[in-house]
Amino acid sequence: MENKPYRSLNEYYREIFGRKTAKISLDGGFTCPNRDGTCGTRGCLFCSSGGSGDFAENAALSITEQIERGKTQTAEKWKDPAYIAYFQAFTNTYAPVAELRQKYEEALACPGVEGISIATRADCLPEDVLDLLAELNKKTKLWVELGLQTADEASAIRIRRGYPLSVFEQAVYALAERNISVVVHVILGLPGETRETVLNTIDCVNRLPVQGIKLQLLHVLSDSDLAEIYDAGNYTPLTKEEYIALVGDCIAHLREDIVIHRLTGDGDKNTLLAPLWSLRKRDVLNSLHKYLKENQIRQGIKYKSF
Ligand code: SF4
């Protein structure tokens with residue numbers, strides 16, 4: 001674990017690609033079963049109109065054009081990084097396999113793209129999609145990012161995730177059987193959740209064959225249904241201090257080999273209603289690192305094996 005008290009994404013990417021690595025967020029023009037009426041129309045409680053892809057490139061552009069734009073922006077910061085094509089917006093395995101294949105292969109054909117990361121829902125991985133992912137996994141470095149958000153069934157119903165925990169677990173095992181790396185998205189600060197609920201979610205992740213986790217702060221975005229609950233005074237976002245202490249707890253309980261892909265949330269400042277402190281990302285990370293040091297927290301120090 002380099003000089004950070006947790007398994008960081010930078011260190012992990014350097015092990016794989018040998019240099020700085022940039023993820024280019026794409027909008028492949030997909031929708032989501034929780035939006036199109038298959039299992040809901042209003043989406044998850046916190047989901048924005050951009051389908052959790054508020055920083056993704058413009059869906060009106062081709063995948064190649066989106067990647068070229070992403071590369072131009074990155075070139076201002078880093079020289080010759082490795083690129084990962086990140087299918088971020090909405091549900092990126094929710095289309096016929098022929099369409100998925102075309103979009104993924106277009107991304108991989110772009111010069112400099114050395115890996116692909118696909119964000120999706122656990123209930124959108126039918127057998128033919130799994131076969132396609134297994135095929136891709138043999139050609140490139142592939143990550144599948146699954147939005148668990150919480151392992152608590154009541155909380156999952158409250159946020160309208162749309163499937164039970166068992167579906168998530170089955171998806172993880174189906175991907176693991178194919179040697180596909182899984183990154184789990186967990187949200188901290190969900191309505192009604194306590195420290196105990198969150199640590200139960202971390203324990204659930206620890207038990208599964210996953211390689212990465214994103215810890216994300218719940219954002220209240222103006223174009224989400226959560227905004228109505230917040231405006232009515234029925235949801236109180238975490239304070240910065242509460243969030244940092246909770247992340248510290250998660251890191252302490254997390255299995256040591258799991259790579260932490262994210263420790264904050266990335267809210268769109270144009271639509272973020274709360275918590276506004278999260279916009280100062282550098283400050284949040286600095287405060288977190290200070291907190292970890294002061295409290296001698298390292299990843300896995302409170303991990304319980306099962
Ligand atoms: S699964 Fe993702 S894209 Fe679909 S409604 Fe939920 S957060 Fe939005």
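Nothing in this text is a laboratory measurement; each read-out follows from the coordinates by a stated rule. What you see is a predicted model, and the numbers here were worked out from it, not measured in a lab. No Cβ is skipped: glycine too gets one built from the backbone with ideal geometry, and neighbour counts run over all protein chains shown.
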Which pairs have Cβ atoms under 7 Å, sit 6 or more apart or on different chains, and link a residue in the stretch 207-219 that is buried (at least 22 other Cβ atoms within 10 Å of the Cβ) to one that is assigned to a helix (DSSP H, G or I) and aromatic (Phe, Trp, Tyr)? Leu217/Tyr243
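Could you please let me know if Gly189 is on the phi > 0 side of the Ramachandran plot, in contact (Cβ under 8 Å) with a residue 40 or more places away in the chain and not polar (S, T, N, Q)? Full working, then the answer.
Details: on the phi > 0 side of the Ramachandran plot: yes; in contact (Cβ under 8 Å) with a residue 40 or more places away in the chain: yes; not polar (S, T, N, Q): yes.
Considered against the rule, which asks whether it is on the phi > 0 side of the Ramachandran plot, in contact (Cβ under 8 Å) with a residue 40 or more places away in the chain and not polar (S, T, N, Q), Gly189 comes out as yes.
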Number of positions in the stretch 262-286 that are touching a residue at least 24 places away in the same chain (Cβ under 8 Å) and outside any loop (DSSP other than H, G, I, E, B): 7
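When you go through Val198, Val182 one by one, which is the residue that is buried (at least 20 other Cβ atoms within 10 Å of the Cβ), touching a strand residue (DSSP E or B) at 6+ places or on another chain (Cβ under 8 Å), under 28 Å from Pro275 (Cβ atoms) and not polar (S, T, N, Q)? Show your work before the answer.
Details: Val182 fails: under 28 Å from Pro275 (Cβ atoms).
When all the criteria are applied, what remains is Val198.
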Can you tell me which residue in the stretch 108-167 is surrounded by the fewest Cβ atoms within 10 Å (Cβ to Cβ), limited to those that are under 14 Å from Ile84 (Cα atoms) and within 16 Å of the ligand (Cβ to nearest atom)? Glu145
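If the requirement is being in contact (Cβ under 8 Å) with a residue 60 or more places away in the chain and hydrophobic (A, V, I, L, M, F, W, C), which of these qualifies: Val259, Val247? Give the derivation first.
On the way: Val247 fails: in contact (Cβ under 8 Å) with a residue 60 or more places away in the chain.
Val259 is the lone residue from the list that is in contact (Cβ under 8 Å) with a residue 60 or more places away in the chain and hydrophobic (A, V, I, L, M, F, W, C).
Being surrounded by fewer than 18 Cβ atoms within 10 Å (Cβ to Cβ) and without any contact (Cβ under 8 Å) to a residue 24 or more places away in the chain is the requirement here; does Thr64 meet it?
Working: surrounded by fewer than 18 Cβ atoms within 10 Å (Cβ to Cβ): yes; without any contact (Cβ under 8 Å) to a residue 24 or more places away in the chain: no.
Criteria not met by Thr64.
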Test result for Glu105, among the charged types (D, E, K, R), outside any strand (DSSP E or B), farther than 22 Å from Glu127 by Cα and away from the ligand (no atom under 12 Å from the Cβ): no
